[in-house]
Amino acid sequence: MISTTGPTCPSNGPLFTLTGKFDTGHVCDTINITGAFDLAGLTIVPSDGLSKTPAKSQYLIATATGGFTGTPVVDGFTDGKKWLVVRRDGGNQLWLTSKGGTILILK
């Protein structure tokens, strides 16, 4: 688990880069942030060749006690799935997921 205290991105640019890897046991690191975190300008990319084709369909990648704002970009996955980031648990959890669906309203 990787922990940090926010805010982590001052107005003059990012303070650091965090790299996580999907391993063969399908366990990934979670970044834990104290306070709110702005995702604007963030790009989530796989860290290596194995990570470009994740075995599972969703991963908890970060938590923030103050929630998340902004929308990151997801890029570089080559498994043919549409990967996106969703907020859960009242906006305090950030998940990378390829799960999707269709909503139908019948009257």
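A few comments on the model shown:
- Selection over segment 41-65 of residues that are assigned to a loop (DSSP other than H, G, I, E, B) and farther than 14 Å from Ile31 by Cβ gives a count of 10.
- Pairs where the first residue, in segment 85-98, is surrounded by fewer than 17 Cβ atoms within 10 Å (Cβ to Cβ) and the second is modelled with pLDDT under 90 and among the basic types (Lys, Arg), C-beta under 9 Å, 6+ apart: Val86/Lys99
- Of all residues in segment 48-79, those satisfying the criterion of being surrounded by 13 or more Cβ atoms within 10 Å (Cβ to Cβ), in contact (Cβ under 8 Å) with a residue 40 or more places away in the chain and either within 13 Å of the chain's Cα centre (by Cα) or over 24 Å from Phe37 (Cβ atoms) (or both) are Gln58, Ile61, Ala64.
- Scope segment 66-107; condition of a type in the set (A, V, I, L, M) and either outside any loop (DSSP other than H, G, I, E, B) or at pLDDT 90 or above (or both); matching residues: Val73, Val74, Leu84, Val85, Val86, Leu94, Leu96
The values are calculated or read from the model by the stated rules, or taken from the named source; none is laboratory data. Since the model is a prediction, treat every value here as computed from it, not as a measurement. No Cβ is skipped: glycine too gets one built from the backbone with ideal geometry, and neighbour counts run over all protein chains shown.
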